[in-house]
Amino acid sequence: MSVSASTTVKPASIWRSKTFTMLLMSSFLLTVGNKIYEIVLPLIMYEITHSSVSMASMRTAELLPNLLFAVFIGVFVDRVNKKKWVLWMVGAQAVLLFALAYLFKTNNQALYLYYIAGFLLMTFNYGYFNAQVSLTKLSVPPSHLTSANAKFTFVETFVSVMGPALSGMIFLLADLSDGVLITAICYLLCLLFMFQLSVEESKAEKTKGHFWRDIQEGWITFKTNDLLWMVTIFVVFLNCTMTVVSTTIVFYAKDVLHLSSSLLAAVLSISGVGGLLGSLLINWLRPRIGLGKIFGMSAFLNGSAYIGLYFCTNLAVLSVSLFIIGFALSIHSTAVYTLRHEQTPGHLMGRIGGITGTIFRVACR
């Protein structure tokens, strides 16, 4: 695979794009809110039912929208005004979160209401994320796409590193549903930033054909782009291996190394530190070695870290391996999102994002 380094002379700083700045600030608030929600929801379900099965069922309800509707959502995103779309997506999630908190505070134990709320929350959440990908394509110059995606990766990784601290904060709350309210407030603040978005969309580029024909157009464009297809298959294999490794690490650390829960949380956060470093360095690496070699580097580093985990006998080896995995995944993710932006025409961004996102998700389950 050959992906040449970018040789375009860069224009003014990416921070001069008000739309991108608003998107990044919104991304931070939404990621913090989602992390809190991710911690609180299983605890709420367990407090209501005292059943791990109910917790797992809620997780399934949350995963289904991404698998079932991603491609269809992509078509809608390509058709509509994206600023209005993201406002509706985030606003709807805020309303649902307030409703979820109300259900718990009033001791409503009708589980189907919680499942429906979780399902809709994830549907609207993906609706926002798909549009964010398209808005980034529209608001960032091609020569700054690597930098933009690196910053989104940095935000996501930074919040994941904050996970233990957020968990501690949640356990201090008098009522678990207050965590859901905090998430809702994050979404409302996010709306304030989104009202300031200013993106010029060409009406000529918006899809106006038959719905199924639009899906077919997106699929044909994806399949005929050998580079994008090859990278997607590469991601599938990497995601499959990462799913196995991430599951095994926890059991190994607890059963073999006998780490306490608090120490395990600290060790796992080391992967996030590696991810932060990767998101900071990829903008420097891209013009020097190109995306193709970055993909190769991420695969080599992941393989090396997996070997380290196989021979792991102590905390030091585990920590170094996790740091390398975090670094490799960070540069890999940023490279994938950048390549997808560069290889996709603006009017097809929603559909290609939906198709590739669905394939990525299938590989993670």
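Here is the P(r) of region 16-198: all C-alpha pair distances, binned every 5 Å from 0, give 1, 8, 16, 19, 21, 16, 10, 6, 3, 1, 0 in whole percents. Cross-linked pairs LYS137/LYS223; LYS82/LYS137; LYS84/LYS137; LYS35/LYS84; LYS18/LYS83: Cα-Cα separations exceed 23 Å for LYS35/LYS84. Between the amide H of LEU259 and those of LYS254, distances stay under 5 Å, these residues lying 5 or more places away or on another chain, with hydrogens modeled in the peptide plane. Close amide H pairs (under 5 Å, H built 1.01 Å from N) link MET162 with no residue at least 5 positions away or on another chain. Excluding same-chain neighbours fewer than eight residues apart, no aspartates and glutamates are reachable from LYS151 by a Cα-Cα span under 15 Å. Convex hull volume of the C-alpha atoms in region 223-365, normalised per residue: 112 Å³. Membrane-span-like helices in the chain, defined purely by DSSP H runs whose alpha carbon atoms cover 30 Å or more axially and whose average Kyte-Doolittle hydropathy reaches -1.0, are 18-49, 52-79, 82-105, 111-139, 226-255, 261-310, 315-343.
Dividing the convex hull volume of the alpha carbon atoms of region 92-207 by its residue count, what do you get in Å³ per residue? Provide the component values of the computation, followed by the final result.
On the way: hull volume 15.1 nm³, N = 116.
Measuring per residue, one finds 130 Å³ for the Cα hull of region 92-207.
For the chain, the mean residue ellipticity at 222 nm estimated from helices alone is -28500 deg cm²/dmol, where every DSSP H run of n ≥ 4 contributes -39500 (n - 2.57) and the total is divided by all residues, rounded to the nearest 500.
No value in this document is a laboratory result; all are computed from the given coordinates. Nothing here was measured: the structure is a model prediction, and the numbers come from that model.
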